[in-house]
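The values are calculated or read from the model by the stated rules, or taken from the named source; none is laboratory data. None of these values were measured; they are calculated from a predicted model. No Cβ is skipped: glycine too gets one built from the backbone with ideal geometry, and neighbour counts run over all protein chains shown. For accessibility, only protein heavy atoms count, side chains too; no ligands or nucleic acids. Shrake-Rupley method; radii C 1.70, N 1.55, O 1.52, S 1.80 Å.
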Amino acid sequence: LNYRHVHHAGNFADLVKHAVLLHLLAAATARAQPLFLLDTHAGAGVYALADSRTGEAAAGVARLMDRRAPAVFDPLKRAVTRLNGGGPVRSYPGSPRLIADALRPADEYVACELRPDDHAQLQRTLAGAPAEALRADGYLAVRNLLPVGHANALVLIDPPYERGDEYAQAVAAVGAALARSPVAQVCLWAPLKDLETFDRLVRELEALDPPDLLLVECRLRPLIDPLKLNGCALALVNAPAELEPGFADIADWTAEVLGDPGGEGRVWRA
Ligand SMILES: C[S@@+](CC[C@H](N)C(=O)[O-])C[C@H]1O[C@@H](n2cnc3c(N)ncnc32)[C@H](O)[C@@H]1O
């Protein structure tokens, strides 16, 4: 557990993931049934950008807040503004802060985090929210805590990909979520380094025979150098079709404005 999200908070990949998450949440919380949301890899929930060793937020959220962006980014911009009291952007909200603020009183949120320090901060982030912050393995939580047959469930799987078997674990978790609730919406984040690794992930997800599989890719540059984080992708199952134009706006804007020449967004069904 060496990965520290604080060093990457507010980077381009967080913007893509969090804008997509908030777009999914707006639709899921417009349904009559209460939402059950499981966040398998929750992190600390809020990050002080001064604690980052990489300064990635300067090329991410700082630019988002400075520039015109499609309306689908508005909820994320509002959340950043709110967290910073309308002043300069010194803190960035992680998925727990964004989710807790979007939920209705009858909705349920379970957030899992294994690192003791990030879990302690997660508990502080979620204090007072209708949420549980568990120091637990998110992959096990999918198998044990996702309510069977729930009609309005959303599972966010956002692993650090620091272990060799992380792709296999993530794919198995998608399968486990769908086994418990075939209509659950699943949102799996993945890095884009080389095409072969990403292709394999998509093939393994297809082999689960999900009801549908939508890929939202943000390529900052052509995937030529496999040692670089060249972009990111979200694999979505059971995402409402009417959200696709918003997903395309998120991927396109991020690739065009934060990427290199040759970067591009892609939204496609496998
Ligand atoms: C990419 S970060 C999460 C970021 C968060 N989802 C967000 O968007 O703000 C991944 C987190 O997962 C935690 N982690 C790693 N393996 C885990 C596991 N098996 N179960 C739960 N948490 C885990 C790491 O400590 C790290 O904080």
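Worth pointing out:
- Given charges at beta-carbon only (K, R positive; D, E negative), |dipole| of segment 11-92 in Debye: 220 debye
- Where labels lie 7 Å past Cα in the beta-carbon direction, separation of Arg135 and Arg104 in nm: 3.5 nm
- Placing +1 on each Lys and Arg Cβ and -1 on each Asp and Glu Cβ, with no other charges, gives the chain a dipole about its Cα centre of roughly 640 debye.
- Relative contact order (%) - criterion: Cα under 8 Å, at least six apart; region: the chain: 20 percent
- Carbon + sulfur, % of accessible area of segment 182-224 - ligands and nucleic acids excluded, 1.4 Å: 53 percent
- Distant-in-sequence amide contacts of Gly231, defined by a placed amide H-H separation under 5 Å and a gap of 5 or more residues or a different chain, comprise Leu192, Leu220.
- Net charge in the neighbourhood of Leu227 (other residues with Cβ under 10 Å of its Cβ; Lys, Arg +1, Asp, Glu -1) is 0.
- Label-point gap, in nm, between Ala27 and Ala71 - each point 7 angstrom along Cα→Cβ: 1.6 nm
- As computed over the chain, the Cα convex hull volume per residue (Å³): 118 Å³
- Entry comment: accessible area of the chain is 42 Å² per residue, from protein heavy atoms only and a probe of 1.4 Å.
- Computed [θ] at 222 nm, helices only, for the chain once each DSSP H run of length n ≥ 4 contributes -39500 (n - 2.57): -11500 deg cm²/dmol
- HN-Hα J in Hz across segment 70-75 - Karplus 6.51, -1.76, 1.60, θ = phi - 60°, x for Gly and Pro: x, 4, 5, 7, 4, x
- With a Förster radius of 35 Å applied to the C-beta separation of Glu204 and Arg78, the computed FRET efficiency comes to 0.45.
- Taking Lys and Arg as +1 and Asp and Glu as -1, the other residues whose beta-carbon sits under 13 Å from that of Val186 total -2.
- Under Karplus coefficients 6.51, -1.76 and 1.60, residue-wise ³J(HN,Hα) of segment 174-184 in Hz, glycine/proline x: 4, x, 5, 4, 5, 5, 7, 8, x, 9, 4
- Loop-located trypsin sites (Lys or Arg not before Pro) in segment 192-270 (DSSP state not H, G, I, E or B) with no more than 14 neighbouring Cβ atoms inside 10 Å: Lys228.
- Within the shell defined by Cβ-Cβ distances under 15 Å, the residues around His8 carry a net charge of 0, with Lys and Arg each +1 and Asp and Glu each -1.
- Taking the centroid of alpha carbons for each part, segment 203-270 and segment 72-144 are 24 Å apart.
- Nearby lysines by direct alpha-carbon distance to Lys77 (threshold 18 angstrom, same-chain neighbours under 8 apart not counted): Lys17
- Note on segment 35-151: with charges restricted to the Cβ of Lys and Arg (+1) and Asp and Glu (-1), its dipole about the Cα centre is near 440 debye.
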